[in-house]
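The next block holds one structure in the form of structure tokens; read it before the comments.
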Amino acid sequence: MSTTAKNLNLKSINKTRWIAVTAIFMAINIGLSSYGIPVPGGHLYLCDTIICTAALLLDPLAAFVVGGVGSFLGDMIFYPTPMFVSLVTHGLQAVAISLIVLKFKHDKKKYFVSSIIATLVGAVIMVIGYTLGKTYVYATFEYAMIKLPYEIAQGLIGVVGSLLLTFGAGLYKIFNRMEIYS
């Protein structure tokens, strides 16, 4: 069985660890989506850092739960207007990142390069998704364009932060030893 098929096979997952780790990442995402760093004209949210980190470390289903469902719940609790935009955008972002890096998880050098590419792709998905979503939710293209620099900055913070957590802080090594996927 290939590594990709093995990672996606639900029978090979230690379900208890999978649920616990997914829930922890989702709780962190909900917390970070409720707190924004005030900047002139808006806020920068740090939830992209945890969404990208979870997507790099977990399978696509768990990544969707953390990114999409976690962002949806965070918005539903604290700021419900864009909650469906968050569900779709962050869900797609997380799944795309996870699928890109999935087959390279056991080769650190290829995994690092694919992680950079995957998180940049995820940032583009997030920026485009939120720009289109805000155009729809707020019914004005101009408002979405005003927020575009903040979306780009948030995406880049997510890329850098997730790479620092995954490789700089050693989460990659910890997750390889944790045996969520047997």
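The values are calculated or read from the model by the stated rules, or taken from the named source; none is laboratory data. All of these numbers come straight from a predicted model, not from anything done at the bench. Reconstructed Cβ throughout: ideal geometry from the backbone, glycine too, with neighbour counts over all protein chains shown.
Here are the numbers:
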| quantity | calculated |
| --- | --- |
| Helices (runs of 4 or more DSSP H) fully within region 1-69 counting 2 or more residues that are surrounded by 16 or more Cβ atoms within 10 Å (Cβ to Cβ) and at pLDDT 80 or above | 15-33, 47-57, 60-64 |
| Subset of region 161-182 that is aliphatic (A, V, I, L, M) and touching a residue at least 24 places away in the same chain (Cβ under 8 Å) - its residue that is surrounded by the fewest Cβ atoms within 10 Å (Cβ to Cβ) | Met178 |
| In region 102-155, the residues that are touching a residue at least 60 places away in the same chain (Cβ under 8 Å) and not in a helix (DSSP H, G or I) | Lys105, His106 |
| Thr81 vs. criteria farther than 25 Å from Thr166 by Cβ and either out of contact with any His (no Cβ under 8 Å at 6 or more places or on another chain) or surrounded by fewer than 22 Cβ atoms within 10 Å (Cβ to Cβ) (or both) | yes |
| Inter-residue pairs, beta-carbon under 6 Å, first within 25 Å of Asn176 (Cα to Cα) and among the acidic types (Asp, Glu) and in region 59-79, second surrounded by fewer than 24 Cβ atoms within 10 Å (Cβ to Cβ) and at pLDDT below 95, 6+ apart | Asp59/Asn7 |
| Selection count, region 30-63, where residues are farther than 22 Å from Ala20 by Cβ and of a type in the set (Asp, Glu) | 1 |
| Given (1) surrounded by fewer than 18 Cβ atoms within 10 Å (Cβ to Cβ); (2) under 17 Å from the mean Cα position of the chain (by Cα); (3) under 20 Å from Gly68 (Cβ atoms), index of the condition Val137 fails | (2) |
| Total residues in region 110-141, condition farther than 13 Å from Ala55 by Cβ and of a type in the set (S, T, N, Q) | 3 |
| Residues located in region 136-181, provided they are over 23 Å from Asp107 (Cα atoms), of a type in the set (D, E, K, R) and at pLDDT 85 or above | Glu151 |
| Leu99 vs. criteria over 22 Å from Ile174 (Cα atoms) and assigned to a helix (DSSP H, G or I) | no |
| Residues that are within 22 Å of Ala55 (Cα to Cα) and either outside any helix (DSSP H, G or I) or within 12 Å of the chain's Cα centre (by Cα) (or both), drawn from region 71-85 | Ser71, Pro82 |
| Residues located in region 111-134, provided they are under 17 Å from the mean Cα position of the chain (by Cα) and hydrophobic (A, V, I, L, M, F, W, C) | Phe112, Ile116, Ile117, Ala118, Leu120, Val121, Ala123, Val124, Ile125, Met126, Val127, Ile128 |
| Condition check for Val88: assigned to a helix (DSSP H, G or I), more than 15 Å from Ile125 (Cα to Cα) and under 12 Å from the mean Cα position of the chain (by Cα) | no |
